[in-house]
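**Q** Would you mind keeping the following structure in view while I ask a few things?
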Amino acid sequence: MTDFLQTALTFPTLIWSVLFALCAVYWLVAATGLVGHHHGDHGLTDPHFHAGEVHHSHGAPDATDAGLLTRLGLNGVPITVVLTLLSFCAWVITYFVHLLLLSSLPAAGRELLGLLVAVGALIPALLLTNVLVRPLRPVFRSLNTPDHQPVVGRVGVVTTSHVDGRYGQAAVQDGGAGLLLQVRCTPPERPVRGDRVVLLEYNAADHSYWVTTEDRFNA
């Protein structure tokens, strides 16, 4: 136990010990009901995943963040789950490198090498997290089953550079934290960032909404 604590509570393992401890505290607080879970916390999605929408609440990721998570293969689960798994994997990697290698090195070069290990642990940790989130996606998909009808007919604001038949997102106010939805439109319409669009119909094929510009809808 002494060796475990000494390794876990000294540099470089200490960095990931603190981050993982913060995640653990979050889940303990969440278990007491003091942290509100919004339906959209499950919605770290890409256009081809499930509901195609991201609810913004208490630091939920924007479109850029969601795109980064998608490229890393970490989409489809709450960001709190991603961070917990990532910090745990990085902690395990750093801990064993520290225990088996760094602890036997002279103190002179241990700090620099330790920093490199702590940062470098991110790469295998990301790969492991990618593997671990895969079986969790169906679980959160089943938890996130929104009713699309109340959204149809509402006005949204385009947040991407443009909207076409295969690409686009729009922010829609729902009286709460708001929604970030995947939207599509048919040529020759091509709304751009900042344009107001009306949601006409939910498209189950790619979990998006067909839209038209507000001016055309009101014409």
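**Q** How many residues, within segment 178-192, are in a strand (DSSP E or B) and under 19 Å from the mean Cα position of the chain (by Cα)?
**A** 4
**Q** With the requirement that a residue be assigned to a helix (DSSP H, G or I), small (G, A, S) and under 23 Å from the mean Cα position of the chain (by Cα), what does segment 103-135 give you?
**A** Within segment 103-135, the first condition is being assigned to a helix (DSSP H, G or I), and the residues that meet it are 103-104, 107-120, 122-135.
Still in the list and also small (G, A, S): 103-104, 107-109, 114, 118, 120, 125.
A118, G120, A125 - these are the residues of segment 103-135 that are assigned to a helix (DSSP H, G or I), small (G, A, S) and under 23 Å from the mean Cα position of the chain (by Cα).
**Q** Another one. Working carefully through the options H48, H39, H58, find the one that is closer than 30 Å to N203 by Cβ, at pLDDT below 60, surrounded by 14 or more Cβ atoms within 10 Å (Cβ to Cβ) and outside the structural domain of L180 (by TED's automatic domain parsing).
**A** Numbers: H48 fails: surrounded by 14 or more Cβ atoms within 10 Å (Cβ to Cβ); H58 fails: surrounded by 14 or more Cβ atoms within 10 Å (Cβ to Cβ).
Answer to the check: H39.
**Q** Conditions first: (1) assigned to a strand (DSSP E or B); (2) more than 22 Å from R141 (Cβ to Cβ); (3) within 20 Å of the chain's Cα centre (by Cα). T160 passes all but one, so which condition is the exception?
**A** (1)
**Q** Next question, about the same structure. Write out, first by first residue and then by second, each pair whose Cβ atoms fall under 8 Å of each other, whose residues are 6+ apart or on separate chains, and whose first residue, in segment 100-127, is surrounded by fewer than 16 Cβ atoms within 10 Å (Cβ to Cβ) while the second is in a helix (DSSP H, G or I) and not aliphatic (A, V, I, L, M).
**A** S103/T7; P124/C89
**Q** A follow-up question, please. Taking segment 194-218, which residues are over 12 Å from G168 (Cβ atoms), of a type in the set (F, W, Y) and in a strand (DSSP E or B)?
**A** Matches in segment 194-218: Y202 only.
The values are calculated or read from the model by the stated rules, or taken from the named source; none is laboratory data. It should be emphasised that the depicted structure is a prediction, and the values quoted were computed from it without experimental measurement. Here Cβ is always computed from backbone atoms with ideal geometry, including for glycine, and neighbour counts include all displayed protein chains.
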